[in-house]
């Protein structure tokens, strides 16, 4: 009755289904883990932004990697800007998430001689990407900067390729260790994403607060993958029953056709009366 399942076609179909089920289940859990990561990150961002500002030196020190749980904490730093070592970070997006330009990265020299990088905000790239852009001047004299504490960028984490041979004073990644080598000054690990004071004329454009409300479609994708995994055996059973029904109908038609002879019954044989 089900011997057709041993045919080459059905063996291949069954094996494909058996492979797809665990793959789809695994993809569902992968999306679930991404959902959980997004929820946890949103909670961390929200709690960090709500925490009271602390001195930048309370979270970081020269050569130290910023712990993940200190990301987005509000910090304050007082010092003077070292505009001689100011650089711009290429291929960065404005608040509209469409315009491409630069981040302005300026070291802030603290009272003890150490420095911390400050992302002062976004500016338009202009027409000539080979020249240092026209950067709004940093405030002169002693200033107190407030901002979100961010970890150093690396290619592994950000996915941004650290292109070499760029024009002078242009970089791809915000990395305190690299800038410490360039300036020859001890640099606190990580950098400050400035939120205050507001720059004169709104330039550079301050980086907006990170989104910590949306959770993305990952949970919906996880459910979809699990539904697909459940649909595979259901679909297989439907196909098997349909195949069995079609084969049974074909066999019944063949049997009915074989029971009919090609023509009517032979005529009765006539006999003649013998007369004496």
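The values are calculated or read from the model by the stated rules, or taken from the named source; none is laboratory data. Just so it is clear, the structure is predicted and the values come from calculations on it, not from any experiment. Every residue, glycine among them, receives a Cβ derived from its backbone with ideal geometry; neighbour counts consider all protein chains shown.
Go through the residues of region 166-173 one by one and say whether even a single one is touching a strand residue (DSSP E or B) at 6+ places or on another chain (Cβ under 7 Å), in the same structural domain as residue 83 (by TED's automatic domain parsing), within 24 Å of residue 68 (Cα to Cα) and touching a residue at least 12 places away in the same chain (Cβ under 8 Å). Yes: region 166-173 contains one or more residues that are touching a strand residue (DSSP E or B) at 6+ places or on another chain (Cβ under 7 Å), in the same structural domain as residue 83 (by TED's automatic domain parsing), within 24 Å of residue 68 (Cα to Cα) and touching a residue at least 12 places away in the same chain (Cβ under 8 Å).
Hey, any hits in region 69-77 for a residue that's loosely packed, with under 12 Cβ neighbours inside 10 Å and over 30 Å from residue 130 (Cβ atoms)? Yes: region 69-77 contains one or more residues that are loosely packed, with under 12 Cβ neighbours inside 10 Å and over 30 Å from residue 130 (Cβ atoms). Considering only residues in region 126-146 that are more than 16 Å from residue 203 (Cα to Cα) and in contact (Cβ under 8 Å) with a residue 60 or more places away in the chain, the one that is surrounded by the fewest Cβ atoms within 10 Å (Cβ to Cβ) turns out to be 141.
Quick one: in region 1-17, of everything that is exposed (fewer than 13 other Cβ atoms within 10 Å of the Cβ) and within 33 Å of the chain's Cα centre (by Cα), which residue is farthest from residue 224 (Cα to Cα)? The qualifying residue farthest from residue 224 (Cα to Cα) is 15. Residues of region 3-20 include none that is in a loop (DSSP other than H, G, I, E, B) and within 19 Å of residue 174 (Cα to Cα). Taking each residue of region 209-220 that is in contact (Cβ under 8 Å) with a residue 60 or more places away in the chain and looking for partners that are in a loop (DSSP other than H, G, I, E, B) with beta-carbon atoms closer than 9 Å, six or more apart or interchain, yields 209/72; 210/72; 212/72. Taking the conditions (1) within 30 Å of residue 135 (Cβ to Cβ); (2) in a helix (DSSP H, G or I); (3) in contact with a helix residue (DSSP H, G or I) (Cβ under 9 Å, 6 or more places away or on another chain) in turn, residue 178 satisfies each one other than (3). Evaluate the following for residue 216: is it more than 22 Å from residue 136 (Cβ to Cβ), surrounded by 12 or more Cβ atoms within 10 Å (Cβ to Cβ), touching a helix residue (DSSP H, G or I) at 6+ places or on another chain (Cβ under 7 Å) and modelled with pLDDT of 95 or more? Taking the combined requirement at face value, the residue does not satisfy it. The set of residues from region 50-74 being in a helix (DSSP H, G or I) and either closer than 27 Å to residue 184 by Cα or in contact with a strand residue (DSSP E or B) (Cβ under 7 Å, 6 or more places away or on another chain) (or both) comprises 56, 57, 58, 68, 70.
Give the residues of region 121-146 that are on the phi > 0 side of the Ramachandran plot and in contact with a strand residue (DSSP E or B) (Cβ under 7 Å, 6 or more places away or on another chain), sorted by residue number.
Selection gives 121, 141.
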